[in-house]
Amino acid sequence: MSTRTLPNIIITGTPGVGKTSHCELLAERTGLKHLSVNDVVKDKECHEGWDEEYQSWIVDEDKLLDAIEEDVKKGGYIIDWHACDLFPKSWIDLVIVLRVDTKALYDRLTARKYPEIKLQENLDSEIMDVLIQEARDSYDEEIVVELQSNDADEMESNVERIESWFESWKGDNKKEGWEGVQPINIYPNMAPQTLNFITGNANKLSEVKAILSANNISITSQPLDLPEIQGDLNDVTIDKCKRAAEIIQGPVLVEDTCLCFNALKGLPGPYIKWFLTSLGHEGLNNLLAAYEDKSAQAVCTFAYSAGPDHEPILFQGITDGKIVSARGPGNFGWDPIFEYEGQTYAEMEKSEKNKISHRAKALAKLQEWFAKEMSS
Ligand SMILES: Nc1ncnc2c1ncn2[C@@H]1O[C@H](COP(=O)(O)OP(=O)(O)OP(=O)(O)O)[C@@H](O)[C@H]1O
Ligand SMILES: [Mg+2]
């Protein structure tokens, strides 16, 4: 842990996402200092000249770091730059990656009369998640936060959230990090202040966080050891949700996943985790050896309860695929043996999988439901 009495925040993202606009507003409200890397590069000549084609400075990163090190190490800076991997981990307490829809970004960059090549490269970079990947590769997962910056309301809500993170940081709640911050309640009727996702599975947690972060829903997680009742899967999930809301005394989200082999009339279904543990990927394939039909359904069921006195609501997503010999990284359950349109879940990019997965579909229904609650 550093000895800084004020935190350092990086605000990064593709050119035009709104870094400078966010930094200025934030500096005004928090008293933190806006450190425009662009200005430092220019003023302190931390560059190797001007690139005509790209209309930008060719940055000398070593010179840049030397120029800011003494100040930044003291803390209290908001660093405004379209890259983040150059700043040492030990300097940084929070990394905000701003995101924007392609259409809005296109409009903003054409308004600036960017050269065609620079325009195209920046749009590609935004579409390909370059900056968020860079941030995730360079810093601990807990301090990297992705926020949308498409309109003025989103900017306002982002700045408020960063401000409350800053207040809790100063209040010595550093350990709580971003997840401990009360999010802005954008769903005044029903929305959870903070939604507790009952899971002990770090991969599921990060998947759910990635999908719901677009909705400004802040997820905390608490593993609870809940006894599972026998019966229809939906009953199991509803029962689990009720018990969790009782224990947490607040809003909760629980999840159950089934993998159903069609040739086996839906088995292993809810028993997939025990089958996987005892049989492994190969054993699961062997179950289907006698059958031509290798098709399977991945089913995800979420149950949300607003609190102990509320009936759980179910959201279900189904993805059709087939069972194949394991391919791709094997760190997430049965992902390597479930193939969807030629690729196993394990082989897919996370962002691609998040578009079609059973879990993503279930979460999309959850999101949609929240949005309706808000407008009613
Ligand atoms: N959330 C937002 N909603 C609407 N307009 C925005 C938003 N954020 C920024 N803009 C507008 O987009 C343009 C680019 O914003 P800004 O200069 O803050 O981006 P930047 O990320 O700092 O870009 P650069 O990397 O080139 O410095 C400005 O005209 C700004 O007013
Ligand atoms: Mg800027």
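The residue that is surrounded by the most Cβ atoms within 10 Å (Cβ to Cβ), counting only those in the range 289-348 that are touching a Pro at 6+ places or on another chain (Cβ under 6 Å) and not in a loop (DSSP other than H, G, I, E, B), is A303.
Within the range 76-96, can one find any residue that is surrounded by fewer than 16 Cβ atoms within 10 Å (Cβ to Cβ), more than 25 Å from S164 (Cα to Cα), touching a helix residue (DSSP H, G or I) at 6+ places or on another chain (Cβ under 6 Å) and in contact (Cβ under 8 Å) with a residue 60 or more places away in the chain? Within the range 76-96 (the criterion being surrounded by fewer than 16 Cβ atoms within 10 Å (Cβ to Cβ), more than 25 Å from S164 (Cα to Cα), touching a helix residue (DSSP H, G or I) at 6+ places or on another chain (Cβ under 6 Å) and in contact (Cβ under 8 Å) with a residue 60 or more places away in the chain), the answer is no, since none of the residues qualifies.
Here is a yes/no grid of residues against (1) more than 16 Å from ligand 2 (Cβ to nearest atom); (2) part of a helix (DSSP H, G or I); (3) open to solvent by 70 Å² or more (accessible area, probe 1.4 Å):
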residue	(1), (2), (3)
A104	no, yes, no
I132	yes, yes, no
E146	yes, no, no
N150	yes, no, no
E156	yes, yes, no
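Screening the candidates L86, L6, L98 for the property of being away from ligand 1 (no atom under 16 Å from the Cβ), outside any helix (DSSP H, G or I), within 27 Å of the chain's Cα centre (by Cα) and among the hydrophobic types (A, V, I, L, M, F, W, C) yields one hit, L6. Within the range 21-47, residues that are within 19 Å of S164 (Cβ to Cβ) and among the charged types (D, E, K, R) have Cβ atoms under 8 Å from residues that are away from ligand 1 (no atom under 12 Å from the Cβ) and part of a helix (DSSP H, G or I) in these pairs: R29/E163, counting only partners at least 6 apart in sequence or on another chain. Residues considered: K42, K19. Of these, the only one that is open to solvent by 90 Å² or more (accessible area, probe 1.4 Å) and either among the basic types (K, R) or modelled with pLDDT of 95 or more (or both) is K42.
Among the conditions (1) within 15 Å of ligand 2 (Cβ to nearest atom); (2) under 20 Å from S90 (Cα atoms), P7 misses just one, which is (1). Looking only at the range 22-41, decide whether some residue is near ligand 2 (Cβ under 9 Å from one of its atoms) and of a type in the set (K, R). No, there is no match, as no residue in the range 22-41 is near ligand 2 (Cβ under 9 Å from one of its atoms) and of a type in the set (K, R).
Would it be correct to say that K63 is part of a helix (DSSP H, G or I) and away from ligand 2 (no atom under 15 Å from the Cβ)?
So K63 fits the description; yes.
The values are calculated or read from the model by the stated rules, or taken from the named source; none is laboratory data. Predicted, not measured: the structure shown is a model, and the values here were computed from it. Using ideal geometry, Cβ is built from the backbone for each residue, glycine included, and neighbour counts are taken over all protein chains shown. When the accessible area is computed, the model is the full protein with side chains, heavy atoms only, and any ligands, DNA or RNA have been set aside. Shrake-Rupley method; radii C 1.70, N 1.55, O 1.52, S 1.80 Å.
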